[in-house]
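Novice: Take this structure first; my questions come after.
Values quoted throughout were computed directly from the atomic coordinates according to the rules given, and no laboratory measurement underlies them. Everything numeric here is computed off the predicted structure, so don't read it as measured data. Every residue, glycine as well, gets a Cβ built from its backbone with ideal geometry; the counts of neighbours run over all protein chains shown.
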Amino acid sequence: MTQSVSAPTAPTAARTGPGHGEQLTEHLVSAEWNGVDSWSDPTLGPYEDLSLDPATIGLHYGQVIFEGLKAHRRQDGTLAAFRPEEHARRFQRSARRLCMPELPTELFLSAIQKLVAADGHLLSDDPSHSLYLRPLMFGTDRSLMLRPSVGYRFLLMSFITGGFFGDTVEPVSVWVSRDYSRAFPGGTGDVKCAANYAPSFNAQVQATDAGCHQVVWLDAVERRWVEEMGGMNLFFVRNNGKETEVVTPSLTGTLLPGVTRNSLLELAQRLGCTPREEKISLEQWREECRDGRISETFACGTAAVVTPVGQVRDGNESWLIGDGREGPVTYKLRRLLVDVHHGLAPDPAGWMRTIR
Ligand code: PMP
């Protein structure tokens, strides 16, 4: 049941393990575009500082794209990356959008193979830890002309991470951003470029000041449709009397097509739920929470995995989702996904790519 609630409690970090992005590993993989038609073979070297000309194009005009994926230690001790081909494809789409050369999938996979083979030993068998992989590409030309770079550098780095929101899975509270937009039609919301993220910091500061953990983004045109949460996709669990629907906002062009989102749409079916992609308005989210049709909401992404949302705040109004605690469908979906990561549940579609 929904109810009016007082201001959410201020976010606290319950973390004893490694924080997100804080412990970079020992190596870096690097490749260069020859300016015409090909990439050099990705090479493994020590993790070290870059030397950049102050007039590097990528620094000034934001010709920078990145990815985020994870490798996990499975129960049998082997290491495997989760759906790296999907991340390679999204990296290629991001490159096309920013007039950058695509990195072929084989090179993307070979870079991952090299880095995980070198630094994977740093990942313990603690199932709450994983090796987060960060591919990056930027324009390297020394020029302040407003044009696409000719030269590009690809880098792959990694860090050991525990849970994005700390060591335990606690429901997060969210703040609906009315002042800022993340993405707009014709923009870059459906790709992963660096320029999408710095403009979101102000909204996150507002959310934190309001005592919430994260921002919920509305569409920029009607300011009505729920799009994403911070750097994560959203799901709603709805019971329509006959079946349990696991619903996520449709990909309108202003949402990032998350690899986790896509995976959960498939896993929901394994749990006997009906996956749906549809537009959900903020009003509908509130009303359906109020009348009990929506009983759970969760966010998902490579970093956050599956994180329950317990409470929503829109200006002075706020509402609970269910009883504010993690619901059973959210729990089962997270368990199933994490079990696939660790080789404890079947992987019929071959999502886990073993690192030799
Ligand atoms: N939306 C945004 C804006 C993101 O940055 C991310 C993280 N890459 C996601 C959603 C989730 O995507 P994925 O499941 O591929 O990590």
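Novice: For the chain, set up a GNM with springs between Cα atoms under 10 Å and report which of A80, A111, A210 has the largest fluctuation.
Specialist: The residue with the greatest mean-square fluctuation here is A210.
Novice: Still on this structure, I have one more. In the calculated pair distance distribution of the stretch 172-341, what percentage of Cα-Cα distances lie above 25 Å?
Specialist: So the pairs more than 25 Å apart make up 26 percent of the total in the stretch 172-341.
Novice: Same structure, new question: Quick one: among F138, F184, F235, which has the greatest mean-square fluctuation in a GNM of the chain with alpha-carbon springs under 10 angstrom?
Specialist: Ranking F138, F184, F235 by mean-square fluctuation puts F184 first.
Novice: I would also like to ask the following. Whole-Hz ³J(HN,Hα) for each residue in the stretch 294-309, computed from phi via Karplus 6.51 cos²θ - 1.76 cosθ + 1.60 with θ = phi - 60°, x for glycine and proline: what do you get?
Specialist: Going residue by residue, I get 8, 9, 8, 9, 9, 10, 9, x, 4, 6, 7, 6, 10, 10, x, 9 Hz, with x marking Gly and Pro.
Novice: Moving to a separate point now. When ranked by the protection proxy of mean other Cβ atoms within 10 Å per residue, highest first, what sequence do the peptides 285-292, 174-181 form? List each step's numbers first, then the result.
Specialist: Values: 285-292: 16.1, 174-181: 19.2.
In descending order of packing, they fall as 174-181, 285-292.
Novice: Calculated FRET efficiency, D347 and E32, Cβ-Cβ r, R0 22 Å, to nearest 0.05?
Specialist: Given R0 = 22 Å and the Cβ-Cβ separation, E is 0.05.
Novice: In terms of modelled amide H atoms, which long-range or inter-chain residues lie less than 5 Å from the amide H of F184?
Specialist: G189
Novice: Counting only residues 5 or more places away or on other chains, whose amide H sits under 5 Å from the amide H of G139 once H atoms are built in the peptide plane?
Specialist: Those lying under 5 Å, H to H, from G139 are G58, Q63.
Novice: So what is the relative contact order of the chain, in percent, for Cα pairs below 8 Å that sit 6 or more residues apart?
Specialist: Values: 792 pairs, mean separation 79.6, N = 356.
This gives 22 percent for the chain.
Novice: Moving on. How many angstrom lie between the Cα centre of the stretch 70-147 and the Cα centre of the stretch 317-356?
Specialist: Spelled out, the Cα-based centre of one part sits 22 Å from the other.
Novice: Further question: Which log10 I(q)/I(0) values, to two decimals, does the stretch 269-345 give at q = 0.11, 0.19 Å⁻¹ under the Debye formula with one point per Cα?
Specialist: For the requested q values the scattering log ratios are -0.33, -0.90.
Novice: A follow-up question, please. Please compute the contact order of the stretch 23-161 in relative form: average sequence separation of alpha-carbon pairs under 8 Å and at least six residues apart, divided by the residue count, as a percent.
Specialist: Details: 278 pairs, mean separation 52.3, N = 139.
Contact order relative to length: 38 percent.
Novice: Show me, for the stretch 53-62, the HN-Hα J-couplings you get by feeding each phi into the Karplus relation (A = 6.51, B = -1.76, C = 1.60, θ = phi - 60°), rounded to Hz, glycine and proline as x.
Specialist: Result, rounded to whole Hz: 5, x, 9, 4, 3, x, 5, 8, 10, x.
Novice: Where the only charges are on Cβ atoms (+1 Lys, Arg; -1 Asp, Glu), what is the dipole of the stretch 23-161 about its Cα centre, to the nearest 20 debye?
Specialist: So the dipole magnitude of the stretch 23-161 works out to roughly 540 debye.
Novice: Still on this structure, please answer the following. Just to confirm a number: summing +1 for Lys and Arg and -1 for Asp and Glu over residues other than A220 whose beta-carbon lies under 15 angstrom from that of A220, what do you get?
Specialist: Computed value for this residue: -1.
Novice: Continuing with this model, one more query. For the chain, what does the helix formula give at 222 nm: sum of -39500 (n - 2.57) over DSSP H segments with n ≥ 4, over the residue count, nearest 500 deg cm²/dmol? Walk me through the numbers before you get to the answer.
Specialist: On the way: 7 runs with 78 residues, N = 356.
So the calculated ellipticity at 222 nm is -6500 deg cm²/dmol.
Novice: When N counts the residues of the stretch 147-232, how does its alpha-carbon radius of gyration compare numerically with 2.2 N^0.38 Å, as a ratio?
Specialist: Dividing the Cα radius of gyration by 2.2 N^0.38 Å gives 1.31.
Novice: On to the next question. Just L109, L144, L98 to compare: in a GNM of the chain, with alpha carbon springs under 10 Å, which one fluctuates most?
Specialist: Among L109, L144, L98, the largest mean-square fluctuation in the Gaussian network model of the chain belongs to L144.
Novice: Which length gain, in nm to one decimal place, applies between R147 and K242 when the Cα-Cα distance is subtracted from 0.36 nm times their residue separation?
Specialist: On the way: separation 95, 0.36 × 95 = 34.20 nm, distance 5.56 nm.
Result: 28.6 nm gained on full extension.
Novice: Next up: Excluding residues fewer than 8 places away in the same chain, name every one of the lysines whose C-alpha is closer than 30 Å to that of K192.
Specialist: Cross-link targets: K70, K114, K279, K332.
Novice: Largest first and in whole Å, what are the equivalent-ellipsoid semi-axes of the stretch 255-296 based on the Cα gyration tensor, each being the root of 5 times an eigenvalue?
Specialist: Each semi-axis is √(5λ); the values are 22, 15, 7 Å.
Novice: Looking at the stretch 217-280, which GluC sites (Glu not before Pro) are in a loop (DSSP not H, G, I, E or B) and have at most 12 other Cβ atoms within 10 Å?
Specialist: Answer by residue number: E222, E243, E278.
Novice: For the chain, taking Cα atoms only, what is the radius of gyration to one decimal and the Dmax to the nearest whole Å?
Specialist: Calculated on Cα positions, Rg and Dmax stand at 20.5, 62 Å.
Novice: While we're on this one: List, largest first, the extents of the alpha carbons of the stretch 114-187 along their principal axes, each in whole Å.
Specialist: Extents along the principal axes: 48, 44, 18 Å.
Novice: Still on this structure, please answer the following. Can you work out the Karplus-derived ³J(HN,Hα) for every residue in the stretch 75-87? Use 6.51 cos²θ - 1.76 cosθ + 1.60 with θ = phi - 60°, whole Hz, and x for glycine or proline.
Specialist: With the stated coefficients, the stretch 75-87 comes to 4, 7, x, 6, 9, 8, 8, 8, 6, x, 5, 5, 5 Hz.
Novice: In addition: P(r) for the stretch 23-161, please, calculated from all Cα pair distances in 10 Å bins and given in %.
Specialist: It works out to 12, 41, 32, 11, 3, 0, in whole percents.
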